[in-house]
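K.L.:
Following this message is one structure expressed as structure tokens.
What follows is calculated from the coordinates using simple rules that are stated; it is not laboratory data. On a predicted model such as this, the values are computed, not experimentally measured, just so you know. Please note: Cβ atoms are built from the backbone with ideal geometry, for glycine as well, and neighbour counts cover all protein chains shown.
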Amino acid sequence: MIKAIVVDDELGARESLSKMIEKNCKNIEIAAKADSMISANEAIIKHQPDLLFLDIEMPNGNAFDLLEKFKEIDFDIIFTTAYDHYAIKAIKFSAIDYILKPIDPEELIQAVNRFEAKNGQKSLLDKKFKTLLSNIKPENKLKKVGIPDGEGLIFINLSDIIRCDSDGNYTFFVLISGKRILASRTLGEYEQMFTDDNFFRIHRSHLINLQHVKKYIKGEGGYVVMSDNSQVEVSRRNKTDFLEKLSLI
């Protein structure tokens, strides 16, 4: 059985989620319920859970304050939140699961299934959450992203990414080291994640890091020369928006 703790300051939300888990996730045993960061901390120490269902904004601090109390994090988390865009983005960058409120039973089941599929990768847990805590700090821009590669996660700096190339339902990351990483997500997903971080989709097959553009060559759409001297085509339909974005850097 998977030992879990439900953390939410609202009694109705806490009980509703607990009943939903009991009904739909038979492999999960709810060891405790907590209504604040203080009681959550005590419950984690006492029960040593495998999984937390964790709301973000709570009395006596938020979820990130709670995580910072642990020198090593050896439990996984599914955030249950209606929190702001920046926090959700940091969670995505750190390859951590979340469910938006109001919680849909099917989304809960899918999140638990993902947890069960990757359970056993304990060595990755602490790194994921340390990455999250670094990314969530207001003074920091998002610095690292967790890339699922089929075997686990690879954490890389955004500044090390030259471009991302579509390969059907997968994405190739091309890094400044010359290394190529195949990620098990679509280019569209990374476009949504990276658009606010000086990345731009110049072609249906290419998402580039604007910080690595060396030169733009005119043409019907034209093409860019990247910092590794690779040439990447700019689609005609994206040309105007791309040149406007480039001029703002």
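K.L.:
Quick check on region 2-136: of the DSSP beta bridges with both residues there, what percent are antiparallel, nearest 5%? Walk me through the numbers before you get to the answer.
P.N.:
Values: 2 of 20 bridges.
About 10 percent, rounded to the nearest 5.
K.L.:
Starting from the exponent 0.38 and prefactor 2.2 Å, build the expected Rg for region 1-49 from its residue count and divide its actual Cα Rg by it.
P.N.:
Cα-based Rg divided by the globular estimate yields 1.09.
K.L.:
Starting from the Kirkwood Rh over alpha-carbon pairs, what translational D in µm² s⁻¹ does region 1-136 have by Stokes-Einstein at 37 °C and 0.692 mPa s?
P.N.:
The calculation lands on 223 µm²/s.
K.L.:
Excluding K239 itself, what net charge comes from residues whose Cβ is under 14 Å from its Cβ, given Lys and Arg +1 and Asp and Glu -1?
P.N.:
For residues surrounding K239, the net value is +2.
K.L.:
Taking DSSP loops as anything outside H, G, I, E and B, show the longest stretch in the chain free of GluC sites (Glu not before Pro) there with at most 16 other beta carbons within 10 Å.
P.N.:
152-219
K.L.:
While we're here: Quick one: of the DSSP bridges fully inside the chain, what percent are antiparallel, nearest 5? Mind showing how you got there, number by number?
P.N.:
Working: 31 of 49 bridges.
Roughly 65 percent of the DSSP beta bridges within the chain come out antiparallel.
K.L.:
Per the helix-only calculation at 222 nm, which mean residue ellipticity applies to the chain, given -39500 (n - 2.57) for every DSSP H run of n ≥ 4 and division by its residues, nearest 500 deg cm²/dmol? Let's see the in-between values first.
P.N.:
Numbers: 8 runs with 85 residues, N = 249.
Taken over the chain, the calculation gives -10000 deg cm²/dmol.
K.L.:
To the nearest 20 Debye, how big is the dipole of the chain about its Cα centre, given +1 on the beta carbon of each Lys and Arg and -1 on that of each Asp and Glu?
P.N.:
With Lys and Arg at +1 and Asp and Glu at -1, about 1000 debye.
K.L.:
Continuing with this model, one more query. If you keep only loop residues by DSSP, which trypsin sites (Lys or Arg not before Pro) in region 10-75 have at most 15 other Cβ atoms within 10 Å of their Cβ?
P.N.:
Those that pass, being in a loop and sparsely packed, are K26, K69, K71.
K.L.:
Let me ask another. First obtain the Kirkwood hydrodynamic radius of the chain from its Cα pairs, then insert it into the Stokes-Einstein equation at 10 °C and 1.306 mPa s, and state the resulting D in µm² per second as a whole number.
P.N.:
For the chosen part, D equals 81 µm²/s.
K.L.:
Sticking with this one: If you build a Gaussian network model of the chain, linking Cα atoms that sit under 10 Å apart, which residue out of S230, S94, S134 swings the most?
P.N.:
Of S230, S94, S134, the Gaussian network model singles out S230 as fluctuating most.
K.L.:
Determine ³J(HN,Hα), in whole Hz, for all residues of region 89-101 in sequence, where each value follows from phi through the Karplus function 6.51 cos²θ - 1.76 cosθ + 1.60 and θ = phi - 60°; x replaces Gly and Pro.
P.N.:
The phi angles translate into 5, 5, 5, 4, 4, 8, 6, 10, 7, 8, 10, 7, 7 Hz.
K.L.:
Then there's this: Which one of N209, N113, N135 has the biggest mean-square fluctuation once the chain is modelled by GNM with Cα springs under 10 Å?
P.N.:
N113
K.L.:
If one takes the longest principal axis of the Cα atoms in the chain, at what angle in degrees, from 0 to 90 and to the nearest 10, does the Cα axis of helix 11-24 lie?
P.N.:
80
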